[in-house]
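The values are calculated or read from the model by the stated rules, or taken from the named source; none is laboratory data. Computed from a predicted model, the values in this text were never measured in an experiment. Neighbour counts run over all protein chains shown; Cβ positions are idealised from the backbone, glycine included.
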Amino acid sequence: MSLRNLYFLPCFVILTVGFSLIALFVALFDSSGNRSHRIASVWATCTLFLSGVRVKIRNLDVLRPGQAYIFAANHQSASDIPALLSKLQVQFRWLAKDSLFKIPLFGWAMKRVGYLPVNRSNFKQAYQSLLLAAQKIKEGTSVVIFPEGTRQEADHLGEFKKGGFVLALKSQMPIVPIGILGSARVLPNKGLWITPGTIQIVLGKPIPTEGYHSKDAKILMQKVREAIEHNLKFNEFKAEN
């Protein structure tokens with residue numbers, strides 16, 4: 001066990017509690033949730049700094065200012081979340097499993113910021129969450145989804161769930177495919193200890209959804225999957241050990 005891991009956990013808890021309280025307070029005066037989201041970005045940056053993890057992002061120039069997107073990323077590690085929060089320089093909200101919203105302070109802050117809970121065991125509630133997210137996107141707020149639904153083993157892209165693509169079809173907003181490399185080395189799916197290293201985030205060109213209908217969901221899923229797989233093949237940008 002490294003010295004870094006010994007001090008990281010208590011520091012992480014203190015940071016998370018402190019920033020959650022700040023986000024909750026700020027959210028009382030910020031109905032948009034934008035300032036609270038920026039606080040979450042600072043929390044993520046501090047967390048990564050303490051853990052000795054660097055994050056590099058490529059192709060930010062594919063994004064157009066003022067355009068709302070659905071960001072679809074592969075998911076290998078809990079470190080994917082702070083990595084995206086720290087480097088994806090746009091206002092966005094998460095679609096997250098509802099159990100996270102039950103965590104004291106942290107979950108309350110997520111709700112106040114405007115992140116969206118999804119109950120995967122209840123189809124009706126999950127569908128209502130997707131409709132709410134689609135409305136937020138139409139109003140100009142981007143959303144991040146993990147199409148695999150849960151964390152996968154390193155270098156393995158899991159089966160995609162349909163929910164995020166229902167969201168895309170409802171909102172008719174473009175999907176930005178994101179490949180995240182190296183996060184599983186930093187914090188393995190079933191591991192507890194952080195290994196300092198580099199996480200790479202590679203953005204692909206936005207995939208338009210105009211003209212697609214509900215029956216085209218599988219076609220759209222395949223396009224996004226191929227784009228994420230392409231991003232994950234950028235060997236020159238793979239994380240440093």
Within the range 19-39, does at least one residue satisfy the condition of being in a loop (DSSP other than H, G, I, E, B) and at positive phi? yes
Reported set for the range 121-149 where residues are surrounded by fewer than 15 Cβ atoms within 10 Å (Cβ to Cβ) and in a loop (DSSP other than H, G, I, E, B) is S121, N122, E139, G140
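Residues are listed down the side, and each one gets a yes or a no for (1) among the charged types (D, E, K, R); (2) in contact with a strand residue (DSSP E or B) (Cβ under 6 Å, 6 or more places away or on another chain); (3) modelled with pLDDT of 85 or more; (4) closer than 23 Å to W94 by Cβ:
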| position | (1), (2), (3), (4) |
| --- | --- |
| K162 | yes, no, no, yes |
| Q172 | no, no, yes, yes |
| V186 | no, yes, yes, yes |
| K205 | yes, no, yes, yes |
| Q222 | no, no, yes, no |
Might you check whether a residue that is under 26 Å from E210 (Cβ atoms), at pLDDT 90 or above and surrounded by 15 or more Cβ atoms within 10 Å (Cβ to Cβ) occurs anywhere in the range 31-39? no
Going residue by residue through the range 78-89, is there one that turns out to be under 18 Å from G204 (Cα atoms) and part of a strand (DSSP E or B)? no
